[in-house]
1. By how many degrees, 0 to 90 and rounded to 10, does the Cα axis of helix 3-16 deviate from the longest principal axis of the chain?
2. Place a point 7 Å from Cα of S23 in the direction of its Cβ. Which residues in the range 32-46 have their backbone N less than 16 Å from it?
3. Using only the Cα atoms, what convex hull volume per residue in Å³ does the range 2-65 have?
Amino acid sequence: MNFFKRIGTYTKNCYNELVHKVSWPTRSELINSTVVVMIASVIIAIFVAGVDFIFQQLMQLVYGLV
């Protein structure tokens with residue numbers, strides 16, 4: 001089998017799998033998942049900012065004592 005025929009077969013198999021075998025989410029499922037990810041991202045960002053602030057205050061205390 002030559003190189004270009006293998007590429008064509010691979011592309012055809014990929015297309016068939018994406019069209020016939022993949023279970024795509026509905027629009028509402030996709031929106032719900034997006035909202036969950038956005039809320040989780042905001043919560044994690046707030047947590048990281050809080051830890052950063054606490055660490056900054058601790059470092060200022062340590063450097064203030066030196």
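1. 70
2. Residues passing the 16 Å test: 33.
3. Enclosed volume per residue, from the Cα hull, is 135 Å³.
We did not get these values from a lab; they are worked out from the coordinates using the rules stated. Source: prediction; values computed, not measured. For neighbour counting, all protein chains shown are included, and Cβ atoms are generated from backbone atoms with ideal geometry for every residue, glycine included.
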